[in-house]
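A short worksheet on the structure shown next.
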Amino acid sequence: MEKFELVIAGGGLTAARAIKSFREAGGEGRLALFSSESVLPYHRPALSKRYLRGETTDAPFAEDESFYRDHGVEVRLETEVSSVDGAARTVDIDIHSVRYDQLLVATGATPRRLEAPGADLAGVFHLRTLHDSDRIRAAAATAERAVVVGGGFIGMEVAASLRGLGLQVTLIHTGRGLFDQFRSPQLSRDLLELYRGHGVDVRLDEEVAAFGGNNRLQYVGAMSGLCVEADLAVVGVGVVPNTSFLAGSGVAIDNGVVVDERFQSTVPGIYAAGDVANFYDPLYGRRRRIEHWSNANYHGTEAGKVLAGAGGGYDAVSSFFSEIFGTTIKVFGDVSRFDEQSSEGSLRSGRLLTSYGHDGRLVGALTVGQSSEVETLAGDLIREEAPTRALHDDLIGQAVTTG
């Protein structure tokens, strides 16, 4: 039976960063990367933006082929780990087993499917992989009308990109506001104005009932009776962590792989990082699962250190961004739980600053058009557990929020 000191299951950015960090921290021994994809690890943000729009045709690989060779990594593409035996420290791939000393689960997540008639019609897409983005871009080249389902990050970015390609775009969302996970009425109103101003037909409080057509998509119908003609549709309604192969391994699963701040699972020798990890965040004293590029990048780097026995672990103020119609929205900390919110500025003015507080403590911030100094200050104050109004109070008189 083959034996590796480190096996990485999953071929995304987290895996690439873990490999680099592991070797730089002195990690030795045989290392194997098993990825279900047909290409090397790559960056995902461009897939819904510049790459989808054709502004770049270069695949956004995290590292080139020589990187894996130089770092002594045995890369096996189109190879999926089917099961794990935590006691024996083996993984099953293809028709044989491989032994490991340490296993890093970095399998990411899979787009959630809508349980609606016609969801499997030709012309209905989900966006997660490089291949998905290629297929959507190819379909958009001959399409005139598109429907995007979902008002979160993927849906918003894809809708903006398809509109930028000249398609007639209808955005259908079950919520009452765009980016409604931020529960910011000001931001939702501004986004609605921005999208409609760019010609996107936004339909809120609507639920898809069916995708219709004769062998391929021709329309999308909603529960309300709304019927929109469409040549293609992209569904972006969240993702599900890829954990099914861990059944019977002994690893605790709860909205992803349950790990501590050092990415250690409930089974010795098995770690998890990136989108698939439900990790302990010491800043907030609870578990979180984050599905963004910056988290995958950071998790991979820190997990590599841990696996090499060189320290490491989660100790950061999380952040992520979204770019739509040339506007970049950045979020710092955790804005999922708050009991106080204050905003200054607007998307329309090009400068917006929103603070989120919980129990009198600043827990998160959302910014548009702010300086790097303001963004750094936001992160510092969140880490310091400053009062909710601290960020706004520090900036009073500096004219940085409304320009």
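Structural remarks
- Any hit, the stretch 132-143, residues being polar (S, T, N, Q), open to solvent by 20 Å² or more (accessible area, probe 1.4 Å) and more than 29 Å from Gly212 (Cβ to Cβ): no
- Restricting attention to the stretch 97-113 and to residues that are surrounded by fewer than 20 Cβ atoms within 10 Å (Cβ to Cβ) and more than 16 Å from the chain's Cα centre (by Cα), the residue that is nearest to Gly54 (Cα to Cα) turns out to be Arg113.
- Odd one out for Ile19 among (1) open to solvent by less than 60 Å² (accessible area, probe 1.4 Å); (2) β-branched (Val, Ile, Thr); (3) outside any strand (DSSP E or B); (4) under 30 Å from Ala138 (Cα atoms): (4)
- Put simply, of Phe332, Phe245 the only residue that is within 30 Å of Leu162 (Cβ to Cβ) and outside any loop (DSSP other than H, G, I, E, B) is Phe332.
- Qualifying residue in the stretch 302-314 (condition: part of a helix (DSSP H, G or I) and open to solvent by 30 Å² or more (accessible area, probe 1.4 Å)): yes
- Residue count for the stretch 159-183, restricted to those that are aliphatic (A, V, I, L, M) and either open to solvent by 20 Å² or more (accessible area, probe 1.4 Å) or within 17 Å of Glu206 (Cβ to Cβ) (or both): 6
- Selection count, the stretch 180-206, where residues are assigned to a loop (DSSP other than H, G, I, E, B), in contact with a Gly (Cβ under 9 Å, 6 or more places away or on another chain) and over 16 Å from Thr367 (Cα atoms): 3
- Looking across Leu47, Leu40, Leu77, Leu52, one residue alone is closer than 25 Å to Ser249 by Cα and either open to solvent by 10 Å² or more (accessible area, probe 1.4 Å) or of a type in the set (A, V, I, L, M) (or both). It is Leu77.
- Of everything in the stretch 319-373 that is among the polar types (S, T, N, Q) and open to solvent by less than 10 Å² (accessible area, probe 1.4 Å), the residue that is nearest to Ala296 (Cα to Cα) is Ser322.
- Within the stretch 206-234, being of a type in the set (D, E, K, R) and more than 17 Å from Val169 (Cα to Cα) holds for one residue alone: Arg216.
- Scan of the stretch 1-16 for residues that are under 21 Å from the mean Cα position of the chain (by Cα) and not in a loop (DSSP other than H, G, I, E, B), ordered by number: Ile8, Ala9, Leu13, Thr14, Ala15, Ala16
The values are calculated or read from the model by the stated rules, or taken from the named source; none is laboratory data. Note that the structure is predicted; figures quoted are calculated from it, not measured. Cβ: placed from backbone, ideal geometry, glycine included. Neighbour counts: every protein chain shown. When the accessible area is computed, the model is the full protein with side chains, heavy atoms only, and any ligands, DNA or RNA have been set aside. Shrake-Rupley method; radii C 1.70, N 1.55, O 1.52, S 1.80 Å.
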